[in-house]
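First comes the structure, then the notes that go with it.
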Ligand code: IMP
C-alpha cells in the first residue's frame, strides 16, 4: 500500500501542479481534498500547458481514477467549463472522474458575497480570488450549505436555494447594497450542468476504501499552502480551508493510519498573492527582477505575485504542522544567475530574535528577516537530471535548506517540463 499526501509549504504557488503530475504517473488514484476553483495547478506536458482548477492533475495520465473529495468546494459551472476544456484537448473524464456527494457546492450567491465582503473590507481587504470560496465554507460550517447530492433532486435543491436566498438577499439588499441574486440565476445554469455531472456524483468513501484495500497507490492532492491554512496560516489573510496534511483526511475520508508519506512542495524562494504579512518580501525593484525571472503571475487570477527570499521560519512551521517526510524543491533554476542568495533563518521582532513563526498576525507583520547569504552558482541548472549534475553551489544551497528545515529533499525541479526534474532517493 502507498498513500502520499502532497501539500504546499508556503503561501501557495509552490509548483504543486508539476510535482503532483510527476507523482500521478506512479499512482492509481488521485484525490483533491480541499479548496476549490481558487487553485490553479499548472502542468506542462510536452509543449502543452494545462491549468487545473478543480479536476485532479491525475486526469492528464490515462487510466488514473480521479476524485474530487468532500473537502473541496465545487462550483459546477466552473467544473463543467474545465471538463469541456479538457475534452476539447482530447482528455476524456468519462468513467474516471468522481465527485464526492458530500462536497459542498459554490453557487452564484457565494461569489456575490465574496465580492461584497471584499469591497466592504476596504483597506483590510484579504485579496481573495473572488471565487466564493470563503462564503461556501461559511455555509458549510453554518449548516446551511448545499451538497453535491442535493443537486440530484431538483425539488430539494430548489427548496434549499429558495431558503438560502431569503437570507442572503436580505444581506445583499440591506447591508451590502449590492444586487440580489435571483432564483433563475441559480436554477438556469443548474439545468445545463446537471446532465453533465449527475453520473459523477457518488459516495467516494467506499471507492477510496476499496482502492486502499486493493493496494492501489493513492495520491492526495493539496491546493494553496500551509501559510494560507485557516488554522495555521496568517489569519485572517488565509483561505477558508485546511491545505495542511490533516485536511487530507477530513477532506477525503482517507484515514490518517493509511497515509505513509507527506511531501511538502517548496519553492527555492517564496511568493504570496493577496494581502497579509510576508516577512521576506523584497523591495519593488528587486522583487520585479525575481518576478520576471520566475514568471510569478497568478495562474487563476493573473495577478502579479509578491516575491521574497526563501524563508526557513515559514518552512519549519510547515514541516511541523504537516509532519513532512520529504521536500520537493521547485524553481531552483530561477536562482541560477544570482551572485549571492539571501536565506531567511530567523526574524527580528522588537529587538528579539524569533525562530518560530509568530501565531499572532499583528506580530508577524512587524517581523524583519534575519538573513544569511549563500554564494550563487552562476550556472544554468536546467539541464541537470541527477543530483551530481548540479553545480557545487546549488548543492550547498539545497543542503542548507535541508538543515534549516530538518527535512530531506527528495525532488528538485529545474524547469516546468516533466523531464526537468531530479529525483534523490532517501
Ligand atoms: P480565497 O481562497 O479566494 O478566499 O482567497 C484567500 C487568500 O488565499 C488570498 O490571499 C488569495 O490570494 C489566496 N489564495 C487562494 N488560492 C490560492 C492559490 O491557489 N495560490 C495562491 N494563493 C491563493
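The values are calculated or read from the model by the stated rules, or taken from the named source; none is laboratory data. These figures come from a predicted structure and were not determined experimentally. Ideal geometry is used to build each Cβ from the backbone, glycine not excepted, and the neighbour counts take in all protein chains shown.
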- prompt: Across the range 244-260, which residue is farthest from the chain's Cα centre (by Cα) among those that are buried (at least 16 other Cβ atoms within 10 Å of the Cβ) and more than 25 Å from residue 234 (Cβ to Cβ)?
  reply: 258
message: Here are the criteria: (1) touching a helix residue (DSSP H, G or I) at 6+ places or on another chain (Cβ under 6 Å); (2) part of a strand (DSSP E or B); (3) under 20 Å from residue 19 (Cα atoms). Tell me which single one residue 374 does not satisfy.
response: (3)
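Residue-wise test of (1) in the same structural domain as residue 279 (by TED's automatic domain parsing); (2) in contact (Cβ under 8 Å) with a residue 40 or more places away in the chain; (3) under 21 Å from residue 282 (Cα atoms).
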{"position": "340", "(1), (2), (3)": "yes, no, yes"}
{"position": "346", "(1), (2), (3)": "yes, no, yes"}
{"position": "349", "(1), (2), (3)": "yes, no, yes"}
{"position": "368", "(1), (2), (3)": "yes, yes, yes"}
{"position": "374", "(1), (2), (3)": "yes, no, yes"}
{"position": "388", "(1), (2), (3)": "yes, no, no"}
{"position": "403", "(1), (2), (3)": "yes, no, no"}
{"position": "413", "(1), (2), (3)": "yes, yes, no"}
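Evaluate the following for residue 318: is it touching a helix residue (DSSP H, G or I) at 6+ places or on another chain (Cβ under 6 Å), within 16 Å of the ligand (Cβ to nearest atom) and under 26 Å from residue 422 (Cβ atoms)? So that I can check it myself, show each step before the final result.
Numbers: touching a helix residue (DSSP H, G or I) at 6+ places or on another chain (Cβ under 6 Å): yes; within 16 Å of the ligand (Cβ to nearest atom): yes; under 26 Å from residue 422 (Cβ atoms): yes.
Against the criterion (touching a helix residue (DSSP H, G or I) at 6+ places or on another chain (Cβ under 6 Å), within 16 Å of the ligand (Cβ to nearest atom) and under 26 Å from residue 422 (Cβ atoms)), residue 318 qualifies.
Yes or no, residue by residue, for (1) outside any loop (DSSP other than H, G, I, E, B); (2) within 16 Å of the ligand (Cβ to nearest atom); (3) at pLDDT 95 or above:
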position: 82; (1), (2), (3): yes, yes, yes
position: 85; (1), (2), (3): yes, no, yes
position: 98; (1), (2), (3): yes, no, yes
position: 102; (1), (2), (3): no, no, yes
position: 131; (1), (2), (3): no, yes, yes
position: 155; (1), (2), (3): yes, no, yes
position: 178; (1), (2), (3): no, no, yes
statement: Matching residues in the range 1-20 (at pLDDT 95 or above and more than 16 Å from the ligand (Cβ to nearest atom)) number 3
- request: Please tell me if residue 136 is in contact with a strand residue (DSSP E or B) (Cβ under 7 Å, 6 or more places away or on another chain) and assigned to a helix (DSSP H, G or I).
  value: yes
- request: Would you be able to tell me the number of residues in the range 318-342 that are over 22 Å from residue 384 (Cβ atoms) and crowded, with 24+ Cβ neighbours inside 10 Å?
  value: 3
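Before we move on, is residue 301 out of contact with any strand residue (DSSP E or B) (no Cβ under 7 Å at 6 or more places or on another chain), touching a residue at least 12 places away in the same chain (Cβ under 8 Å) and closer than 29 Å to residue 366 by Cβ?
yes
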Candidate set: the range 127-144, residues that are touching a helix residue (DSSP H, G or I) at 6+ places or on another chain (Cβ under 7 Å) and over 10 Å from residue 106 (Cβ atoms); chosen: the one surrounded by the most Cβ atoms within 10 Å (Cβ to Cβ): 134
